[in-house]
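A short write-up of the structure that comes next.
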Amino acid sequence: MSKKVLVAGMGMSGIQAAELLLKQGREVILYDGNKDKDVSTVREKLTGDVEFVLGDLTDDVIARTEFCVISPGISLEVPFAVRLKDAGVEILSEIELAWLYEKGTVVGITGTNGKTTTTTLVGDIIRTWKNGNAFTVGNIGTPYAEEVLKSNADSVSTIELSSFQLESIKTFHPHVSAILNITPDHLNRHHTMECYAAVKEQITMNQTEDDYVILNHEDERLRAFGESGIRANVIWFSGTQVLENGYYLQGDTLYMAENGKSEKLLSTDEVLLVGRCNYENILAAIGITRAMGVPMETILEVVKNFHAVAHRIEFVKEVNGVRYYNDSKGTNPDAAIQGIRAMRSPTAVIGGGYDKGSEYDEWIAEFGTTVKELVLIGQTAEKIAACCKKHGFENVIFADSLEEAVEICRRDTVPGENVLLSPACASWGMFDNYEQRGDIFKELVRRL
């Protein structure tokens, strides 16, 4: 009897992985640990028949499995994954599966923060350059497996990659990769910063001297990594340092440097994005697309007209002279720091949510004179409040809901100030995801 492919997880990536396998004539077992899961809607999304397995994964199913495609939300340490590995069953990510069918060129972008903005900008630049023969996929929302069969010899796939997706790659090989930064996140899954960083760095593991990796020169880990003798050609970017080679921000101007000679590219006044973090994302995007061979004229034209991605320091509305910003993607302290740095006047911040094992000292230390009050919601509220007290920040208010938090901020702000949703925490527990959290915030603001 021929063996089947086990696809673990019935979210978007799992469904699209199963569909890709069906189109290749493979037999698929679709598995979910929830024994009560309703599979009827999943079945409707598939063009062929699959075997559904719910609840416990039996020895019989493992014996009939050739390899497993695991959804990124599932840890490799869960019992069924350990049993598969012990049985000698190879576990691949949906990214690795899709890569096996890629016909074009791939750009891979990872990092703790800034991935989605950078990936979207790079995708827009390449789409313009390639007259539409390009795909923007991955952690950004569209599974790689959904689009890969449309690829051809001249197409480019720009892929946003989370650490979860990079855990189970084997042969995945981007021509240009980028690691934007590495700061503490997902330590409840990766346990240590060393493990987390190593997973991020796996994006380069199959690159050769014919490939390129764009790295953040300000990040000590990445600077050491770039100087460690990796095979890909390293291109640096920096938001604070003048570089002899690479792309950097000095004052309000973005520069390109080669052999110590700098050329002005554009000023921050010419772009629609705000905040140093976004200027760094632009520098990284320029470095990535230049390495791909895109003309600078095309790059700068797209950069100048690029709008902020939803939920990333996204301006929502001005109400009675107060500007409201949605930074729901600020799901860890470092990302939330960037939101604060983008504010130019006193700001009421809404924070708190699901505890991913983060520490909040650096975030709170950034408050300075910018943050006038912190309104806390969710599981981490008490933990963050205790950290605030340790740092001498006293203006902390608790709210039972996001709606109450918005009302408190409306009450306490005056014209010329800001309200910023930048939680420094994941959304789980109160919301399905950060997008839902941000959408609810925007709707609440629009009603004011």
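The values are calculated or read from the model by the stated rules, or taken from the named source; none is laboratory data. Since we're looking at a predicted model, the values are computed, not measured. Cβ: placed from backbone, ideal geometry, glycine included. Neighbour counts: every protein chain shown.
Residues in the range 124-147 that are modelled with pLDDT of 95 or more, farther than 15 Å from TYR101 by Cα and either assigned to a loop (DSSP other than H, G, I, E, B) or more than 18 Å from the chain's Cα centre (by Cα) (or both): ILE125, ILE126, ARG127, THR128, TRP129, LYS130, ASN131, GLY132, ASN133, ALA134. Against the conditions (1) under 20 Å from PHE431 (Cβ atoms); (2) touching a Pro at 6+ places or on another chain (Cβ under 7 Å), LYS372 satisfies every one except (1). Among the candidates ALA399, ALA424, the residue that is assigned by TED's automatic domain parsing to the domain that holds GLN338, within 26 Å of the chain's Cα centre (by Cα) and hydrophobic (A, V, I, L, M, F, W, C) is uniquely ALA424. Quick check on the range 230-278: of everything there that is among the aromatic types (Phe, Trp, Tyr) and touching an Asp or Glu at 6+ places or on another chain (Cβ under 8 Å), which residue is surrounded by the fewest Cβ atoms within 10 Å (Cβ to Cβ)? Top of the filtered list is TYR255. Under the condition of being of a type in the set (Lys, Arg) and crowded, with 18+ Cβ neighbours inside 10 Å, which residue from the range 427-448 is nearest to the chain's Cα centre (by Cα)? Among residues in the range 427-448 that are of a type in the set (Lys, Arg) and crowded, with 18+ Cβ neighbours inside 10 Å, the one nearest to the chain's Cα centre (by Cα) is ARG437.
Set side by side, the residues ILE95, ILE91, ILE74 differ, and just one is surrounded by 15 or more Cβ atoms within 10 Å (Cβ to Cβ), in a strand (DSSP E or B) and touching a residue at least 60 places away in the same chain (Cβ under 8 Å), which is ILE91. Tallying residues that are in contact with a Lys or Arg (Cβ under 7 Å, 6 or more places away or on another chain), among the aliphatic types (A, V, I, L, M) and not in a helix (DSSP H, G or I) within the range 404-447 yields 1.
Residue by residue, here is whether (1) free of Cβ contacts under 8 Å to residues at least 24 places away in the same chain; (2) part of a loop (DSSP other than H, G, I, E, B); (3) farther than 14 Å from ALA145 by Cα; (4) of a type outside the set (A, V, I, L, M, F, W, C) holds:
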position: ALA17; (1), (2), (3), (4): no, no, no, no
position: ARG26; (1), (2), (3), (4): yes, yes, yes, yes
position: VAL42; (1), (2), (3), (4): no, no, yes, no
position: VAL69; (1), (2), (3), (4): no, no, no, no
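Conditions tested, residue by residue: (1) in the same structural domain as MET256 (by TED's automatic domain parsing); (2) within 23 Å of ARG446 (Cβ to Cβ).
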residue	(1), (2)
ALA291	yes, no
ILE299	yes, no
VAL309	no, yes
TYR325	no, yes
LYS329	no, yes
THR347	no, yes
ILE350	no, yes
GLY357	no, no
GLN379	no, no
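Name the residue that is surrounded by the fewest Cβ atoms within 10 Å (Cβ to Cβ), counting only residues in the range 210-225 that are touching a residue at least 24 places away in the same chain (Cβ under 8 Å) and of a type in the set (A, V, I, L, M). Top of the filtered list is LEU222. Of the candidates GLY138, GLY104, GLY123, the single residue that is over 16 Å from SER13 (Cβ atoms) and crowded, with 23+ Cβ neighbours inside 10 Å is GLY123.
Residues checked against (1) touching a residue at least 12 places away in the same chain (Cβ under 8 Å); (2) farther than 24 Å from SER93 by Cβ:
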position: PRO143; (1), (2): yes, no
position: SER157; (1), (2): yes, no
position: SER163; (1), (2): yes, no
position: LEU180; (1), (2): yes, no
position: GLN202; (1), (2): yes, no
position: GLU227; (1), (2): no, yes
position: TRP236; (1), (2): yes, yes
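Only one of the numbered conditions (1) among the hydroxyl-bearing types (Ser, Thr, Tyr); (2) more than 28 Å from the chain's Cα centre (by Cα); (3) under 13 Å from GLY351 (Cα atoms) is not met by THR413, and that is (3). Selection over the range 352-363 of residues that are buried (at least 24 other Cβ atoms within 10 Å of the Cβ) and in contact with a Phe, Trp or Tyr (Cβ under 8 Å, 6 or more places away or on another chain) gives a count of 1.
Here the range 204-241 is the region considered, the condition is being in a helix (DSSP H, G or I) and aliphatic (A, V, I, L, M), and the residue that is nearest to the chain's Cα centre (by Cα) is LEU222. The set of residues in the range 1-18 being under 24 Å from VAL137 (Cα atoms) and either of a type in the set (Ser, Thr, Tyr) or touching a strand residue (DSSP E or B) at 6+ places or on another chain (Cβ under 9 Å) (or both) consists of VAL5, LEU6, VAL7, ALA8, GLY9, MET10, SER13, GLY14, ILE15, ALA17, ALA18.
For the range 365-403, taking the residues that are among the acidic types (Asp, Glu) and outside any loop (DSSP other than H, G, I, E, B), the one that is surrounded by the fewest Cβ atoms within 10 Å (Cβ to Cβ) is identified as GLU382. Residue pairs whose Cβ atoms lie under 7 Å apart, sitting 6 or more positions apart in sequence or on different chains, and linking a residue in the range 123-138 that is farther than 23 Å from GLN16 by Cβ to a partner that is part of a helix (DSSP H, G or I) and among the β-branched types (Val, Ile, Thr), are ILE125/THR289; ILE125/THR298; ILE125/ILE299; ILE125/VAL302; THR128/THR298; THR128/VAL302; TRP129/THR298. Taking the numbered list (1) in the same structural domain as LYS200 (by TED's automatic domain parsing); (2) out of contact with any Lys or Arg (no Cβ under 7 Å at 6 or more places or on another chain) in turn, THR110 passes all entries but (2). Please go through the range 98-123 and give me each residue that is part of a loop (DSSP other than H, G, I, E, B) and under 16 Å from the mean Cα position of the chain (by Cα), ordered by number. Within the range 98-123, GLY111, THR112, ASN113, GLY114 qualify.
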